[in-house]
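J.: Structure below; questions to follow.
The values are calculated or read from the model by the stated rules, or taken from the named source; none is laboratory data. None of these values were measured; they are calculated from a predicted model. Quick reminder, even Gly has a Cβ in these numbers, built from the backbone with ideal geometry, and neighbours come from all protein chains shown.
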Amino acid sequence: MVLAPSPSGATRGRAAGKAAYHHGDLRVALLRAARDILEEQGIAALGLRAITRRAGVSSAAAAPHFGNLTGLLSALATTGYEELAATLAPAMDRGAHATGMAYVHFAILNPGLFTLMFRSDAIDRGMPALAQASGRTSDMLTQVIGGLGEPHASRTRAGTRAALWGRVHGLAVLAVDGFLEMLLARDGAGMTLEELVEDALR
């Protein structure tokens, strides 16, 4: 399920949440409220009370849909992996470099969500839907890495994925944390993000 952040502010977000609740879309409204808070204020601001308040419902309203905060955040992370897979899919035909660029751009456009997706202390990776969604993304990356050929063909699949995609993921994390632009300006000698991704996948 693709769940875009709401363009509205807090007041309109609460109104939208109430409308969604009355139409039977409380689960979607809660996920959207959580995502809005995540992108506006970060993971530390995510709590059931804050999320349900943003959605315009009582603090107990999330329990039937998610059980607890971990369940809600795990569901949100699941949508993140689904959106990431949808972002990577059209880039895969153009090769590893295009896929790497799509990965980093996803992180830049969705910094809060991207961070949550890799925070094992905040989500339950054993949740079946989350495991399936993250596994699909991992399989896509493995497929792309496998198409690189020499000198990577002699490496194990797991080793190749960890070594090469770890570099691309590192660039994404640096971008989300605001360090990549600073490093490029200071030490990049005119390098572009595209060139960094290309170097990372060599």
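J.: Hey, PRO7 hits all of (1) surrounded by fewer than 14 Cβ atoms within 10 Å (Cβ to Cβ); (2) at pLDDT below 90; (3) of a type outside the set (Ser, Thr, Tyr); (4) outside any loop (DSSP other than H, G, I, E, B) but one; which does it fall short on?
T.: It is condition (4) that PRO7 fails.
J.: Okay, moving on. Within the range 122-138, how many residues are surrounded by 12 or more Cβ atoms within 10 Å (Cβ to Cβ) and either modelled with pLDDT under 95 or not aliphatic (A, V, I, L, M) (or both)?
T.: Counting residues in the range 122-138 that are surrounded by 12 or more Cβ atoms within 10 Å (Cβ to Cβ) and either modelled with pLDDT under 95 or not aliphatic (A, V, I, L, M) (or both) gives 7.
J.: Can you tell me which of (1) in a helix (DSSP H, G or I); (2) modelled with pLDDT under 95; (3) farther than 15 Å from THR137 by Cα is the one GLY100 doesn't meet?
T.: (3)
J.: Quick one: in the range 32-59, which of the residues that are without any contact (Cβ under 8 Å) to a residue 12 or more places away in the chain and not in a helix (DSSP H, G or I) is farthest from LEU116 (Cα to Cα)?
T.: Selected residue: SER58.
J.: Check whether at least one residue in the range 15-33 is touching a helix residue (DSSP H, G or I) at 6+ places or on another chain (Cβ under 9 Å), within 30 Å of GLN143 (Cβ to Cβ), at pLDDT 95 or above and not assigned by TED's automatic domain parsing to the domain that holds MET127, and report yes or no.
T.: Yes: one or more hits.
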